[in-house]
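Novice: Right, I'll just put the structure down here and ask away after.
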Amino acid sequence: MAGMGNEIWQAAGRLLRTPVFTLAGALTLALAIGANATIFAVVQRVVLNPLPYPESDQLVRLEHGSPRINVLSGIGMTTGLYYQYQRARTLERVAIYRAGESTMVGTGEPERIQVARTTPTLAPVLRVPPALGRWFTEEEGSPGAPLVAILSHGLWTRRFGGSVGVLGASITLDGVPATVIGIMPASFAFPEPRTDAWLPAPISRATGFGLPFGYVGVGRLRPGATVADARAELNTLIADLPHAYPGDRGVLGNIAGNGALHSTAITLKEATVGDVSRALWILLAAVGLVLLVACANVANLFLVRSEARQREVAVRRALGAGSGGIARFFLSESVLLSAAGGVIGLALASSAVGLLVTWGPATLPRLEEIRIDMVAIVFTFALSLLAALAFGSIPLLRGAPLAASLHELGRGNTASRGRHRTRQFLMGGQIALALVLLVASGLMVRSFKNLRAFDPGFDATSALTFRIGLPDRAYPTRAAAATAHYAILDRLSAIPGVTAVSASTGLPLADACFGNTILVQGRDISDGRPLPLARLCAVSGGYVEAMGVRLLRGRGIDRDDVERSQPNVVVNQAFVDTVFPIGDPIGQRIRSNAPPRTTPRPEGTGGSAWDGGAPPWLTIVGIVSNTPFTALAERNATPMVYMPMSIAGGPDIPAIAMLGPPITVMSYVVRSATSPSALLPAVRGAINGVDLTLAVSQVSTLEDMLDRASAQMAFTMVLLTIAAGVALLLGLIGTYGVISYIVSQRAGEIGVRIALGAQPGNVAGLILRQGGTVAFAGIAVGFGTAFAGSRLVESLLYDVSPRDPAIFAGTTLMLLGVALLACWLPARRAARINPVAALRAG
């Protein structure tokens, strides 16, 4: 042990005496190890680490699909399904929740906060109790019970200064007093990190099956049960719905009937992570390739260093040093160099992770959990040790014979062909790996370019967006809500510079509009074919102009349609392609598919638009361009129906009526001739002029919305491009270094050739041909590897083939040019060697 410590001490001295070599090797390794540590921290926290709940592998997301409406999954839950699933023996507990917003007033400026309305069973399902106070009870979750609230740690500290005195105090949410009964832990972020408060969902078994499917379900498996077991049992319970809710129109007349609904339950972790895991694994593989390139680079440095010291090694052998002593001689330096690279790399990774958490895409799941923990630290130093063994053992495999090293003439001997082959092999490997990364990054760059060139179907320039929610208590009817929205719209349109203004229950890429199957007047549905599914959005007049949506045929919804509650609608091209592939849709009548109601028409619901029976027939008056609904790169456009907000849902309209989305919460679009951000003070003043208690949320621009939609692809593209750039730089340096060293070792031979009449151009050509041959071989291997593995990144691409010939050709030619340049520079120097000086030095 003392001998090893002494060897390390001596190795440290040798490294300090060669600062250029030490700094070059340490920084090269630090860059590669830091990149690996950063991406590993992301993969470990997002993909590998369990969710932050006890026994989280037992948690499942209760999803549903229906072949009857061609929806594979994502339908959601109803209250009836929640009570039905209480009977499941494979599930220990079941909970449902619905994410939304509420306006909080009374503790400063009105603020629109994110809330989750949930059943009292959520805390037992997740097994996370409040850090202070308690969770709500079954009685507090019943309809008509006084409202209680549980605050997030973030809202508690931001709005109430972390005072425990808030427990038992009253806050006002949407005009309703709520008693604060608990504070959740700082680490609790369900269903999403931005959730500010949890409120009881006022549900009851007496409401029947319940529509629409507006809740999300989560359950905990019993010990020994699997997700497949749960799916099978839940399908049995779904089939029993007609017996559980006899005569319920929601069961008999909707997708839950006739076996059309089925369970697609998945683990909560799978639902949380989604498809991002593939992208993260690809990024981890990419930075792994960068580390291999870095190791090849440092290995070449060590080969040069070891050959310059073969005589010293031979003396050690002659004095009795065994193989172990020689191994310690080389490995002590490589371990120290890797350790230095690991420490610097860990510091770089820590900074990179901090930047990632701050600036990373909001769509990256579990972003707030990413950090450098002990697992990442252990991984980093294990990687450093492996790197040390990888490049530190190469000189041991290429040691010179003892007699040749001790011979006096050994100093002048040129390096053997075997050693040149080792360096050339490492050089070719660097080029091959660099090409693989360049192709991957080129595909991502082309994909991102195509995504940003995607036509969203609306004009995103100079448009401000925000949301406003009206409290049900202050605006108890649909008519009152519509009047308030138009009062705000009138004030907004009077702001100088504003050219158009409108409101909608759902903007592209931002909101989930109400969805349901559609009936066409006069069309027979008795043949059992799936009914078309569409999203229904309620809009104010002028929506087409404010959004800059292209009007393809007919006209848009105008203010007269809204004020007179006219049953006129505008549909998009995807709706026409789905519902009316043949014929003229203008003038056709459609309606939301819902069971008829027998209750009288509530007051203020817009006269003849809805009489309390079935939803009204709506006349198509216009066709507009498609706009993306969930993602820019969605494969199929979503059929959309835009209706006047005065005939949609409201606080006084039963949810089962399914007329359209409730207009309590609306997203506004203000188009201006000036900078949208400069409008904010005037916008706030306009809203205050109508109601001082209203809060504005989700303030953004349409351009920012497009940026967020492409943020995840941009994140992957940037990291892959950085990895490819680093690999290309290291490959360039490695190629230049190998050819330069070969030239220096063959200086005597080159001098003889020139002295015997060889032309400098021929000498340069010889060196260039030798280096180019290695470069061509590396490119050939890299090309084949990239071509064979390109399918691995196919799921990350948009509108580009994973074997795009232009990308493969462009990156190959670029790398070939760079490699030949790296070979030509030392070849040119070889052609200028003075033969007299070279022969004298030899």
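The values are calculated or read from the model by the stated rules, or taken from the named source; none is laboratory data. Since the model is a prediction, treat every value here as computed from it, not as a measurement. All Cβ positions, glycine included, derive from the backbone under ideal geometry; neighbour counts span all protein chains shown. What goes into the accessible areas is simple: the full protein's heavy atoms, side chains included, and nothing from ligands, DNA or RNA. Shrake-Rupley method; radii C 1.70, N 1.55, O 1.52, S 1.80 Å.
Novice: With the other protein chains left in place, how much accessible area per residue, in square angstrom, belongs to the chain at a 1.4 angstrom probe?
Specialist: Details: 35580 Å² over 842 residues.
Counting only protein heavy atoms, the per-residue value for the chain is 42 Å².
Novice: Now for a different question. So for the stretch 124-168, Kirkwood radius off the Cα pairs, Stokes-Einstein at 20 °C and 1.002 mPa s: how many µm² s⁻¹? It would help to have the intermediate numbers written out before the result.
Specialist: Working: Rh = 12.1 Å.
In µm²/s, the coefficient rounds to 178.
Novice: Right, here's the next one. Using Cα pairs under 8 angstrom and six or more residues apart, how large is the relative contact order of the chain, in percent?
Specialist: On the way: 1579 pairs, mean separation 136.9, N = 842.
Reported relative contact order: 16 percent.
Novice: Right, another one. Once Rh is set to the Kirkwood radius over Cα pairs, what Stokes-Einstein translational diffusion coefficient, in µm²/s, holds for the stretch 1-118 at a temperature of 37 °C and a viscosity of 0.692 mPa s? Intermediate values should be presented prior to the final figure.
Specialist: Numbers: Rh = 21.5 Å.
D = 152 µm²/s.
Novice: If we restrict to alpha carbons, what Rg and Dmax does the stretch 443-555 come to, in Å?
Specialist: Reported Rg and Dmax, both Å: 18.6, 56.
Novice: Then there is this: If you take every DSSP beta bridge fully contained in the chain, what fraction is antiparallel? Give it as a percent rounded to 5. It would help to have the intermediate numbers written out before the result.
Specialist: Numbers: 66 of 85 bridges.
Of those bridges, close to 80 percent are antiparallel.
Novice: Also: Give the residue from P193, L433, T358 lying farthest towards the positive end of the charge dipole for the chain; charges sit on Cβ (+1 for Lys and Arg, -1 for Asp and Glu) and the dipole is referred to the Cα centre.
Specialist: L433
Novice: Here's a follow-up. Where the Cα atoms of the stretch 256-295 are projected onto their three principal axes, how long is each span, largest first, in whole Å?
Specialist: Sorted largest first, the three principal extents are 62, 15, 8 Å.
Novice: Pop out the Kirkwood hydrodynamic radius of the stretch 153-222 from its pairwise C-alpha distances, inverse of mean 1/r, in Å to one decimal. Mind showing how you got there, number by number?
Specialist: Details: mean 1/r = 0.0675 Å⁻¹.
Kirkwood radius, the stretch 153-222: 14.8 Å.
Novice: Over the Cα atoms of the chain, compute the convex hull volume and normalise it per residue, giving Å³. Mind dumping the intermediate values first?
Specialist: Numbers: hull volume 175.2 nm³, N = 842.
Per residue, the Cα convex hull of the chain comes to 208 Å³.
Novice: Another one. Show the residues, 5+ positions off or on another chain, whose built amide H is closer than 5 Å to the amide H of T499.
Specialist: Residues meeting the criterion, in which the H sits 1.01 Å from N, are R671, S672, A673.
Novice: Assuming R0 = 45 Å, what is the FRET efficiency of T483 and D584, from their Cβ-Cβ distance, to the nearest 0.05?
Specialist: Details: r = 36 Å, r/R0 = 0.79.
Once the sixth-power term is evaluated, E becomes 0.80.
Novice: Let me ask another. Report the calculated FRET efficiency for E55 and R98 (r = Cβ-Cβ distance, R0 = 22 Å), to the nearest 0.05. Could the numbers behind the result be given before it?
Specialist: On the way: r = 25 Å, r/R0 = 1.14.
Plugging the Cβ-Cβ distance into 1/(1 + (r/R0)^6) gives 0.30.
Novice: Spelling out what I want: for every residue of the stretch 174-190, take phi, set θ = phi - 60°, compute 6.51 cos²θ - 1.76 cosθ + 1.60 (Karplus), and round to whole Hz; glycine and proline get x.
Specialist: 6, x, 10, x, 9, 8, 6, 10, x, 10, 7, x, 4, 7, 7, 9, 10
Novice: Give a residue-ordered list of calculated ³J(HN,Hα) values for the stretch 351-368 (Karplus: 6.51 cos²θ - 1.76 cosθ + 1.60, θ = phi - 60°; whole Hz; x for Gly, Pro).
Specialist: Per-residue couplings from phi come out as 5, 5, 5, x, 5, 5, 5, 6, 10, x, x, 5, 6, 6, x, 6, 4, 5 Hz.
Novice: Could you tell me the ratio Rg/Rh of the stretch 777-822? Both radii from Cα atoms, Rh via Kirkwood.
Specialist: Working: Rg = 11.8 Å, Rh = 11.4 Å.
Dividing the radius of gyration by the Kirkwood radius yields 1.03.
Novice: Right, here's the next one. Just the projected area, averaged over all directions, of the convex hull on the alpha carbon atoms of the stretch 459-508: how many nm²?
Specialist: Reported value for the Cα convex hull: 4.1 nm².
Novice: Kindly provide the Kirkwood hydrodynamic radius of the stretch 676-727 in Å, to one decimal, from all pairs of distinct alpha carbon atoms. Could the numbers behind the result be given before it?
Specialist: On the way: mean 1/r = 0.0706 Å⁻¹.
About 14.2 Å for the stretch 676-727.
Novice: If amide hydrogens are placed 1.01 Å from N in the peptide plane, which non-local residues have theirs closer than 5 Å to the one on R555?
Specialist: Excluding prolines and chain starts, which carry no amide H, the hits are G622, I623.
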